[in-house]
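The values are calculated or read from the model by the stated rules, or taken from the named source; none is laboratory data. These numbers come from a predicted model, not from an experiment. All Cβ positions, glycine included, derive from the backbone under ideal geometry; neighbour counts span all protein chains shown.
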Amino acid sequence: MIDYSQKYFNYLEKIDQTARKKMVPLDLEGDKFVIEDCKKYINFSSNDYLSLRTNSLLKKNAITLIEKYGVGLGGSRLVAGNLHLIGLLEKKIAKWKKAEAALIMSSGYQLNSSVLPAMFNPDVFDQKPTVILDKNVHASIYEGCYRSKICLRRFRHNDLEHLQKILSNPEIHGAKFVITESLFSMNGTIPNLKEIGRICSDNNAFLIVDEAHAIGVFGQNGSGLAGNADMTIGTFGKAFGSHGAFLTCSQKMKDYLVATCKGLIYSTAPSPAIIGSISAALDLMPKMKKSREKIHLLAEHFKDNLVKLNLDVLSADSHIISISMKDTSTAYGFQKFLRNSGFWVKAIFPPTVSKKNTCIRFSICAFHELEDINCLISSLASVPIDNA
């Protein structure tokens, strides 16, 4: 007899206890604070970049739609759940992103893990398509690729010469897709998207850019950085302060995905509250230039002071700022010290990142103030030497 639960538990016990993933029950106070066991922390791990999660207009619009339509839509979009407001919102998103069409889905992970297999359908092409990834793309992109019948290649992180070399290989025939991110979530780097777009155009490759962490914070009206991509992917769970995800593409591509993407076809439509909050956020986003400027100024101040402390900052490109750690125990030591100092931060361990990229990750948001940053800098300057 196999004791299935014990088998899984035995496997779990083999995982490094420091890096083992766990969920901690939390409470939230306003937009800035996290509470655990009655202790309050300033949140430096939030993805609520524009501080819209608690915005009164988002809440009002969500409540209005709940009162009119209820808390759910009772079906998938292809059966009975395609509330007309979803289509109107998709048109607003497409206009904002200067694209032909947009498609809303329930989450970023669901989108990447189901849209990509639909796009790489071997029945569409005469042979397996070749998909070329920046090696640091999100796990959901890898999941979508692993579910697909493709020839998978990877190029070194932000190494465009390596990308060009792969695309120039005469052995690669047929459809070619390149996938990258406009802002990488763990190290905060921003690739040269203009040059990537040129390389893809020269090699007749379809460019997909995941904009999850750039949306809201970068670009005209907060619309991100990937103006030259064939498809962009975005999320409503970060700068939008809500939940869900979207992609932008041609109308022909959208029609194909509606007919073939299982993640869309077999999922319940997003709730009226979600649609209401997203729509309100999209109305606000172009007007939030001052919030974007504040985020960038605070991020620059933070990065400048980390350099003065001789800490190894992985990238100076964005509001996502990670400090390299020599190993898991050091990263955990930093996390513990900063938590004890009143800051909610997260050490990032393998397999989320490679061993050499173990780090402490900070995200700067519009709800932070200069005093918060300075207090965090003072705490980092006080980390005991045995944790450094």
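Tabulated data for the structure shown
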| read-out | value |
| --- | --- |
| Matching residues, the stretch 58-91, being surrounded by 15 or more Cβ atoms within 10 Å (Cβ to Cβ) and either in contact with a helix residue (DSSP H, G or I) (Cβ under 6 Å, 6 or more places away or on another chain) or part of a helix (DSSP H, G or I) (or both) | LEU58, LYS59, ASN61, ALA62, LEU65, ILE66, TYR69, LEU85, ILE86, LEU89, GLU90 |
| Residue match in the stretch 191-201 (condition: touching a residue at least 40 places away in the same chain (Cβ under 8 Å), in the same structural domain as ALA62 (by TED's automatic domain parsing) and among the polar types (S, T, N, Q)) | no |
| Filter result (loosely packed, with under 14 Cβ neighbours inside 10 Å and either of a type in the set (A, V, I, L, M) or within 23 Å of LYS60 (Cα to Cα) (or both)) within the stretch 291-308 | LEU297, VAL307 |
| Any chance THR330 is in a loop (DSSP other than H, G, I, E, B) and modelled with pLDDT under 95 | no |
| Scope the stretch 105-148; condition assigned to a helix (DSSP H, G or I), farther than 17 Å from ALA259 by Cβ and within 16 Å of the chain's Cα centre (by Cα); matching residues | GLY108, TYR109, GLN110, ASN112, SER113, ALA139, SER140, ILE141, TYR142, GLU143, GLY144 |
| Count - residues of the stretch 85-123 that are closer than 23 Å to GLY174 by Cα and in contact (Cβ under 8 Å) with a residue 24 or more places away in the chain | 11 |
| Residue check, SER271 buried (at least 20 other Cβ atoms within 10 Å of the Cβ), within 22 Å of ASP48 (Cβ to Cβ) and in contact with a helix residue (DSSP H, G or I) (Cβ under 7 Å, 6 or more places away or on another chain) | no |
| Residues (more than 28 Å from ILE35 (Cα to Cα) and assigned to a loop (DSSP other than H, G, I, E, B)) located in the stretch 11-25 | LYS14 |
| Within the stretch 177-192, considering residues that are among the aliphatic types (A, V, I, L, M) and surrounded by fewer than 22 Cβ atoms within 10 Å (Cβ to Cβ), the one nearest to MET325 (Cα to Cα) | MET186 |
| Matching residues in the stretch 1-35 - criterion: being in contact with a strand residue (DSSP E or B) (Cβ under 8 Å, 6 or more places away or on another chain), of a type in the set (D, E, K, R) and under 30 Å from SER329 (Cβ atoms) | ASP27, LYS32 |
| The one condition in (1) over 20 Å from ALA366 (Cβ atoms); (2) in a loop (DSSP other than H, G, I, E, B); (3) touching a Ser or Thr at 6+ places or on another chain (Cβ under 7 Å) that ASN310 fails to fulfil | (3) |
| Condition check for GLU211: under 24 Å from LEU167 (Cβ atoms), surrounded by fewer than 22 Cβ atoms within 10 Å (Cβ to Cβ) and of a type in the set (Asp, Glu) | no |
| First in the stretch 216-242 and under 13 Å from GLY108 (Cα atoms), second anywhere and in a loop (DSSP other than H, G, I, E, B) and of a type in the set (Phe, Trp, Tyr), Cβ under 8 Å, 6 or more apart | LYS238/TYR49; SER242/PHE236 |
| Qualifying residue in the stretch 154-162 (condition: farther than 25 Å from ILE265 by Cβ, touching a strand residue (DSSP E or B) at 6+ places or on another chain (Cβ under 8 Å) and part of a strand (DSSP E or B)) | yes |
| Elements of type helices (runs of 4 or more DSSP H) in the stretch 182-288, at least 1 residues being closer than 17 Å to ALA102 by Cβ and acidic (Asp, Glu) | 251-260, 272-284 |
| Candidates LYS238, LYS252, filtered to the one that is among the basic types (Lys, Arg) and buried (at least 23 other Cβ atoms within 10 Å of the Cβ) | LYS238 |
| Test set (1) at pLDDT 95 or above; (2) closer than 21 Å to THR130 by Cα - ASN228 fails condition number | (1) |
| Count - residues of the stretch 137-174 that are under 17 Å from ALA118 (Cβ atoms) and either among the charged types (D, E, K, R) or touching a residue at least 12 places away in the same chain (Cβ under 8 Å) (or both) | 10 |
| Residue within the stretch 293-305 that is in contact with a helix residue (DSSP H, G or I) (Cβ under 9 Å, 6 or more places away or on another chain), assigned by TED's automatic domain parsing to the domain that holds SER113 and of a type in the set (Phe, Trp, Tyr) present | no |
| Single residue of the stretch 357-388 satisfying the filter (touching a Phe, Trp or Tyr at 6+ places or on another chain (Cβ under 7 Å), farther than 22 Å from ASP317 by Cβ and assigned to a helix (DSSP H, G or I)) that is modelled with the highest pLDDT | SER379 |
| Among (1) farther than 29 Å from SER182 by Cβ; (2) touching a Lys or Arg at 6+ places or on another chain (Cβ under 8 Å) - the single one LEU133 does not satisfy | (1) |
